[in-house]
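> Dumping the structure here so I can ask a few things about it.
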Amino acid sequence: MDIIYYECKKAFTSPILIALLLLFASYNILLIVSTSDRREELKVANQLAGKYGVGITDDSMNQFREDLQHDLVKLNEITRTDYSEAELDFFTELQLKEKYYEMANDIDNRYDQIDWEQIGESQINMYRFSGSAADTMKNEYIKLSLRFEEMKDNDEHKMWFFAGDPYKMHSFLFRTIFGHVIFESLIIIALAAALITNYEFENRTHLVAYTTTRGRRLMRDKLAASLLTATTVSVFILILTLGTYFAVFDYSHLWGSSISSALNWEYKLPYVSWWNISFSAFLIWSILLVYASMMLFTAIIFSISIFVKNNYFTFFIFAVFFAVALLLPGFIPASTNLIFIAGYNLSQLVMNPHMFLMGNSSGAMMFKNYEWITICAWTIIVVALSYISLRRFRKQDIH
């Protein structure tokens with residue numbers, strides 16, 4: 001453990017890595033605080049869930065309508081020319097409540113107009129899928145259509161949440177905030193893992209450190225130290241960023257709301273998860289998926305470092321690997337299922353955290369078990385790659 005501690009210390013005493021960690025953390029806090037002007041309006045959704053329950057039912061809607069009528073009577077009683085700040089806040093809150101009531105009342109009508117099989121056909125034509133790829137897409141959209149009907153039967157989508165239009169809180173948290181966390185963590189992890197692995201070669205002490213049999217086994221400690229450092233960095237950024245986010249935006253009555261809530265509808269199509277998942281469960285799964293991805297990326301960076309033995313080359317090669325994996329499906333003919341198989345990679349996975357576990361995504365990511373298959377497959381690949389790298393290092397000439 002002492003060896004692993006001292007290996008980790010090399011990263012955490014690096015001025016560049018410390019500066020980057022503080023810079024990224026400060027930027028994330030500033031990004032969240034700069035959008036805090038919306039939190040007063042966002043409180044309305046939380047109030048509705050707290051007062052009427054998180055589910056949108058006939059009884060809760062009837063009670064909501066009665067309360068709105070009572071508020072309208074109160075509004076008509078306010079006849080003065082000059083209004084107090086409390087009265088102006090009341091006007092704003094009443095307007096927002098009416099908007100939420102209209103949105104909730106229109107859920108069935110909007111969802112009845114959605115035909116996922118027809119949407120699938122348009123997607124196939126748009127991306128020019130043919131052959132086995134087109135057949136696979138059709139089958140997936142049939143499954144999604146069945147899941148959509150199941151969701152409607154269970155009223156999973158009838159739950160209070162922040163209005164997707166205009167607030168787009170799902171995208172802000174899981175695309176913008178998580179996106180920043182992912183890329184910031186990757187940058188620091190790549191630099192830290194390369195520094196730990198190549199430290200002796202960069203400082204010309206490798207002939208002393210690795211000339212003994214025990215010295216060669218030191219590389220296993222470096223792998224453990226890299227993983228531990230990556231864990232610390234990821235957890236630090238996640239806790240600080242998400243802690244700030246939930247301190248600014250109140251979700252106290254919305255933790256149990258479905259991530260597929262109709263009110264969470266932000267763009268052309270609503271979010272439809274493959275499973276009945278609450279917001280809190282989706283958040284936990286997202287954190288776990290990001291963490292697992294960071295660990296796998298760390299092991300990949302470690303393996304690259306063993307081969308190239310240079311911090312800058314390691315970072316560059318990893319960046320190329322990430323970009324190639326991300327772009328790879330675009331170079332495969334749209335007539336074969338290989339285009340989907342190529343999408344089962346870590347770069348594709350972490351690029352769209354807001355679409356984790358969602359059926360209404362695109363490409364391979366819309367498949368029901370995409371996330372689990374990707375993580376499991378790449379765990380096997382990375383374990384094999386790390387094993388090969390360590391065996392090669394034990395036998396290679398380090399002079």
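> Filter region 265-280 for residues that are polar (S, T, N, Q) and not in a loop (DSSP other than H, G, I, E, B); which is farthest from Tyr52 (Cα to Cα)?
Looking at the filtered set, the residue picked out is Ser273.
> Say whether the condition of being under 17 Å from Ala163 (Cα atoms) and outside any helix (DSSP H, G or I) is met by at least one residue in region 36-53.
Scanning region 36-53, I find at least one residue that is under 17 Å from Ala163 (Cα atoms) and outside any helix (DSSP H, G or I), so the answer is yes.
Yes or no, residue by residue, for (1) in contact (Cβ under 8 Å) with a residue 60 or more places away in the chain; (2) of a type in the set (Asp, Glu):
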residue: Phe90; (1), (2): no, no
residue: Gln95; (1), (2): no, no
residue: Glu98; (1), (2): no, yes
residue: Asp108; (1), (2): no, yes
residue: Tyr111; (1), (2): yes, no
residue: Gly120; (1), (2): no, no
residue: Ile124; (1), (2): no, no
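> So, one more: Restricting to region 88-123, give me the number of residues that are farther than 16 Å from Asn46 by Cα, β-branched (Val, Ile, Thr) and more than 27 Å from the chain's Cα centre (by Cα).
Going through region 88-123 one residue at a time, the tally reaches 0.
> Follow-up question, since we're still on this one. With respect to Ser132, is the statement that it is touching a Ser or Thr at 6+ places or on another chain (Cβ under 8 Å), surrounded by 11 or more Cβ atoms within 10 Å (Cβ to Cβ) and either in a helix (DSSP H, G or I) or on the phi < 0 side of the Ramachandran plot (or both) true?
Yes: the conditions hold for Ser132.
A quick yes/no check of all residues on (1) within 23 Å of Tyr100 (Cβ to Cβ); (2) surrounded by fewer than 13 Cβ atoms within 10 Å (Cβ to Cβ); (3) touching an Asp or Glu at 6+ places or on another chain (Cβ under 6 Å):
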residue: Ser34; (1), (2), (3): no, yes, no
residue: Gly50; (1), (2), (3): yes, no, no
residue: Met61; (1), (2), (3): yes, no, no
residue: Glu66; (1), (2), (3): yes, yes, no
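> Now for a different question. Please determine whether any residue of region 256-264 is part of a helix (DSSP H, G or I), in contact (Cβ under 8 Å) with a residue 12 or more places away in the chain and within 14 Å of the chain's Cα centre (by Cα).
No, region 256-264 has no match at all.
> A further question on this structure: Does Ile189 satisfy the criteria of being among the aliphatic types (A, V, I, L, M), surrounded by 16 or more Cβ atoms within 10 Å (Cβ to Cβ) and at pLDDT 90 or above?
Yes: the conditions hold for Ile189.
> So is Thr229 in contact with a His (Cβ under 9 Å, 6 or more places away or on another chain), crowded, with 18+ Cβ neighbours inside 10 Å and either β-branched (Val, Ile, Thr) or under 28 Å from Ala11 (Cβ atoms) (or both) or not?
no
> When you check Asp153 against the structure, is it farther than 30 Å from Ile332 by Cα, part of a helix (DSSP H, G or I) and over 15 Å from the mean Cα position of the chain (by Cα), yes or no?
In short, yes.
> Restricting to region 206-256, name every residue that is among the aromatic types (Phe, Trp, Tyr) and at pLDDT below 90.
Tyr210
> I'm checking my understanding of the structure. Among residues of region 69-119 that are at pLDDT 80 or above and outside any helix (DSSP H, G or I), which one is nearest to Ile142 (Cα to Cα)?
Per the criteria, the residue is Asp115.
The values are calculated or read from the model by the stated rules, or taken from the named source; none is laboratory data. Since the model is a prediction, treat every value here as computed from it, not as a measurement. For neighbour counting, all protein chains shown are included, and Cβ atoms are generated from backbone atoms with ideal geometry for every residue, glycine included.
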